[in-house]
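Let me begin by presenting the structure, written as structure tokens, before commenting on it.
The values are calculated or read from the model by the stated rules, or taken from the named source; none is laboratory data. Remember, predicted model here, so these are calculated numbers, not experimental data. So basically every Cβ, Gly included, is an ideal-geometry build from the backbone, and we count neighbours across all protein chains shown. Areas reflect the complete protein model, heavy atoms only, side chains present, ligands, DNA and RNA absent. Shrake-Rupley method; radii C 1.70, N 1.55, O 1.52, S 1.80 Å.
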Amino acid sequence: MIGTHLNLKYNRREAEKRFARVYATAPGDRCIYCGMPNDGKFDHQPPVYILHRFANGGLVTKKQIQEHFGQCKLVPCCTICNMGLGAYHGLSDTERRAEIVNWFLEDERFPEDKLVLALGCRLIEERLQGKRDNEIYEFPGVGRIIYTNALMGLIDGDFRGPEDFPDWLKLAQSELADWLRAAPKRKARYFLDMAKLESYELLPHARSDPRGQFE
């Protein structure tokens, strides 16, 4: 019977139900990675897919899981950061932030990408000056600037948390959060637009090249 379980198909919903008792829920109402409101959403640390692979279709105890992965947690996480992580299993929040921000940084393969980000900066500046209203958030480059500044600031140690963000970033996050809530499925669509993806297909075993795996 060797190999019987090796190709066991992954069903996320069933796996979440199976491993639910292993995870302890961390308090908070802001995304642990970027500081945006999490709106009741959480991220699994480690991802459920990782536990599914660890179990390999067989029985596994909570003690075995904790001995291998440490304390499993459900942490506050916004939809966009959750999609950016997919099934990536980082060893720290800093590594996870680096995985997320890779979707939004300038892509040097496309010269026009630099212009997209420059326009995002300009739109935010004009919003702060009162020259524009919140229609600026429809432009994905604006979201990329907001997420990149928050994530890179936390990665580089410029900020200890959202309370240290500059006023412009706090305001931009608050307004972006309101805009994202205003329409169904807008958060997921916005991630795809910021990441320049037509669709979101979870490929948990191919996370080392976030952009390349979709080419």
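Residues of segment 76-101 that are modelled with pLDDT of 95 or more and surrounded by fewer than 20 Cβ atoms within 10 Å (Cβ to Cβ): T79, S92, D93, T94, E95, A98.
Residue by residue through segment 129-161, note down the ones that are assigned to a helix (DSSP H, G or I) and over 16 Å from the mean Cα position of the chain (by Cα).
Answer for segment 129-161, where residues must be assigned to a helix (DSSP H, G or I) and over 16 Å from the mean Cα position of the chain (by Cα): N134, E135, I136, Y137, E138, G141, V142.
Considering the conditions (1) at pLDDT 95 or above; (2) open to solvent by 60 Å² or more (accessible area, probe 1.4 Å); (3) within 24 Å of R160 (Cβ to Cβ); (4) not hydroxyl-bearing (S, T, Y), L119 is excluded by exactly one of them, (3). Taking segment 49-101 as the range and being of a type in the set (S, T, Y) and part of a helix (DSSP H, G or I) as the test, the residues that pass are Y49, T79, T94.
Of the residues that make up segment 123-134, is at least one among the polar types (S, T, N, Q), farther than 22 Å from D29 by Cα, out of contact with any helix residue (DSSP H, G or I) (no Cβ under 6 Å at 6 or more places or on another chain) and open to solvent by 40 Å² or more (accessible area, probe 1.4 Å)? Spell out the reasoning first.
Just the residues of segment 123-134 that are among the polar types (S, T, N, Q), to begin with: 129, 134.
Add one more test, that the residue is farther than 22 Å from D29 by Cα, and what stays is 129, 134.
Next, only the ones that are out of contact with any helix residue (DSSP H, G or I) (no Cβ under 6 Å at 6 or more places or on another chain) stay: 129.
Applying the additional criterion that residues be open to solvent by 40 Å² or more (accessible area, probe 1.4 Å) yields 129.
Yes, because at least one residue in segment 123-134 is among the polar types (S, T, N, Q), farther than 22 Å from D29 by Cα, out of contact with any helix residue (DSSP H, G or I) (no Cβ under 6 Å at 6 or more places or on another chain) and open to solvent by 40 Å² or more (accessible area, probe 1.4 Å).
I need the full set of residues from segment 169-180 which are touching a helix residue (DSSP H, G or I) at 6+ places or on another chain (Cβ under 8 Å) and loosely packed, with under 14 Cβ neighbours inside 10 Å, in order please.
Let us first name the residues in segment 169-180 that are touching a helix residue (DSSP H, G or I) at 6+ places or on another chain (Cβ under 8 Å), namely 169-173, 175-176, 178-180.
Within segment 169-180, just D178 meets the criteria.
If I ask for residues that are more than 17 Å from Q71 (Cα to Cα) and modelled with pLDDT of 95 or more, which ones from segment 1-39 would you list? Quick ask: steps written out before the conclusion?
Of segment 1-39, the ones more than 17 Å from Q71 (Cα to Cα) are 1-15, 17, 28-31, 33-39.
Once the filter is applied, which keeps residues that are more than 17 Å from Q71 (Cα to Cα) and modelled with pLDDT of 95 or more, segment 1-39 yields G28, D29, R30, C31, Y33, C34, G35, M36, P37, N38, D39.
Look at (1) acidic (D, E); (2) assigned to a helix (DSSP H, G or I); (3) modelled with pLDDT under 95 and you find that E126 fails only one, number (3).
With the structure loaded, tell me whether D107 is of a type outside the set (V, I, T) and either on the phi > 0 side of the Ramachandran plot or assigned to a helix (DSSP H, G or I) (or both) or whether it fails that test. It is false that D107 is of a type outside the set (V, I, T) and either on the phi > 0 side of the Ramachandran plot or assigned to a helix (DSSP H, G or I) (or both).
Can you tell me which residues in segment 62-80 are without any contact (Cβ under 8 Å) to a residue 60 or more places away in the chain and either closer than 18 Å to K41 by Cβ or touching a helix residue (DSSP H, G or I) at 6+ places or on another chain (Cβ under 9 Å) (or both)?
The first filter runs over segment 62-80 and keeps only residues without any contact (Cβ under 8 Å) to a residue 60 or more places away in the chain, leaving 62-77.
Answer for segment 62-80, where residues must be without any contact (Cβ under 8 Å) to a residue 60 or more places away in the chain and either closer than 18 Å to K41 by Cβ or touching a helix residue (DSSP H, G or I) at 6+ places or on another chain (Cβ under 9 Å) (or both): K62, Q64, I65, Q66, H68, F69, C72, K73, L74, V75, P76, C77.
Are any of the residues in segment 154-165 at pLDDT 95 or above, farther than 21 Å from A98 by Cα and surrounded by fewer than 20 Cβ atoms within 10 Å (Cβ to Cβ)?
Within segment 154-165, the subset at pLDDT 95 or above is 154-165.
Still in the running and farther than 21 Å from A98 by Cα: none.
Scanning segment 154-165 turns up no residue that is at pLDDT 95 or above, farther than 21 Å from A98 by Cα and surrounded by fewer than 20 Cβ atoms within 10 Å (Cβ to Cβ).
Conditions (1) free of Cβ contacts under 8 Å to residues at least 40 places away in the same chain; (2) in contact with a Ser or Thr (Cβ under 9 Å, 6 or more places away or on another chain); (3) not hydrophobic (A, V, I, L, M, F, W, C), marked per residue:
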residue: R96; (1), (2), (3): no, no, yes
residue: I100; (1), (2), (3): no, no, no
residue: R127; (1), (2), (3): no, no, yes
residue: R132; (1), (2), (3): yes, no, yes
residue: E135; (1), (2), (3): yes, no, yes
residue: F165; (1), (2), (3): no, no, no
residue: W168; (1), (2), (3): no, no, no
residue: L171; (1), (2), (3): no, no, no
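So is G40 free of Cβ contacts under 8 Å to residues at least 40 places away in the same chain, open to solvent by 40 Å² or more (accessible area, probe 1.4 Å) and not in a helix (DSSP H, G or I) or not? Step through it out loud before you land on a result.
Values: free of Cβ contacts under 8 Å to residues at least 40 places away in the same chain: yes; open to solvent by 40 Å² or more (accessible area, probe 1.4 Å): yes; not in a helix (DSSP H, G or I): yes.
The answer is yes for G40.
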